[in-house]
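Asker: Take a look at this one; I'll ask things after.
The values are calculated or read from the model by the stated rules, or taken from the named source; none is laboratory data. Since the structure is predicted, the reported quantities are computational estimates derived from the model, not experimental observations. Reconstructed Cβ throughout: ideal geometry from the backbone, glycine too, with neighbour counts over all protein chains shown. The area values use the complete protein model at the heavy-atom level, side chains included, leaving out ligands, DNA and RNA. Shrake-Rupley method; radii C 1.70, N 1.55, O 1.52, S 1.80 Å.
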Amino acid sequence: MRITGDGTTGGTPARSEAGPYPLHGGAVGAARRQPESTHVGPVSGDPEPEQIGYRGPSACAAAGITYRQLDYWARTGLVEPSVRAAHAAGTQRLYSFRDVMVLKIVKRFLDTGVALQNIRTAVQHLHDRDLADLERMTLMSDGATVYECTSPDQVVSLLQGGQGVFGIAVGVVWRDVESALSQLHGERVDTGETLVRHNPTDELAARRNRAV
């Protein structure tokens, strides 16, 4: 069944290579989540991606959200950190590269008025798909339903049918997040070692502080 913004359901068309098709309950295509190691790390020379986590401030900066949003989405289960949750006082949440991409996509969907119910479905779908699939995926929405497109022809088909009025090229988000995280501190999951990045903003702030 297809979940729409008003809570009603409708028939789901059979999936074909022609697509596109609506996301429903995270079960589209019987996709399986693959290890994060399938992704090439944001910075050459870093540990494998599954060994890197990003704390709240870094995740917020890369995704373009506030810490209040990050905290609320984690507590309500919209986007939870997959590397480490904050189970006890003093425990820092750690987000994976995929998590940060999803945070940025959620922000864009919310800003355009997509129904939260459909955003939750899209989030589950993004977590279930192979990372290799995400880079060439486009998510389209008419505000009521979220569709996955994997080719330009599918995007055009939705636009011509009036079903796609807003789109997110996941590959573009991928590169934006990758670039942002390359300048933000990460943390090795195995040792807790901080991976210090060169952030021009930090350097500019330090120069200003020295000038005062």
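Asker: Do we have Leu195 as more than 18 Å from Glu80 (Cα to Cα) and touching an Asp or Glu at 6+ places or on another chain (Cβ under 7 Å) here?
Answerer: Here the answer is yes, as Leu195 does meet what is asked.
Asker: Next question. What about Leu204, is it open to solvent by less than 60 Å² (accessible area, probe 1.4 Å), modelled with pLDDT under 80 and more than 30 Å from Met140 (Cβ to Cβ)?
Answerer: For Leu204, the condition - open to solvent by less than 60 Å² (accessible area, probe 1.4 Å), modelled with pLDDT under 80 and more than 30 Å from Met140 (Cβ to Cβ) - is not met.
Asker: Being closer than 14 Å to Val172 by Cα, touching a helix residue (DSSP H, G or I) at 6+ places or on another chain (Cβ under 9 Å) and either open to solvent by less than 10 Å² (accessible area, probe 1.4 Å) or not polar (S, T, N, Q) (or both) narrows it down to one residue among Val102, Val114, Val106; which is it?
Answerer: Val102
Asker: Going through segment 47-56 one residue at a time, which ones are open to solvent by 40 Å² or more (accessible area, probe 1.4 Å) and either more than 16 Å from the chain's Cα centre (by Cα) or modelled with pLDDT under 90 (or both)?
Answerer: Within segment 47-56, Glu48, Glu50, Gln51 qualify.
Asker: Would you mind stating whether Ala180 is of a type in the set (Gly, Ala, Ser) and either buried (at least 22 other Cβ atoms within 10 Å of the Cβ) or within 15 Å of Ala63 (Cβ to Cβ) (or both)? So that I can check it myself, show each step before the final result.
Answerer: Working: of a type in the set (Gly, Ala, Ser): yes; either buried (at least 22 other Cβ atoms within 10 Å of the Cβ) or within 15 Å of Ala63 (Cβ to Cβ) (or both): yes.
Taking the combined requirement at face value, the residue satisfies it.
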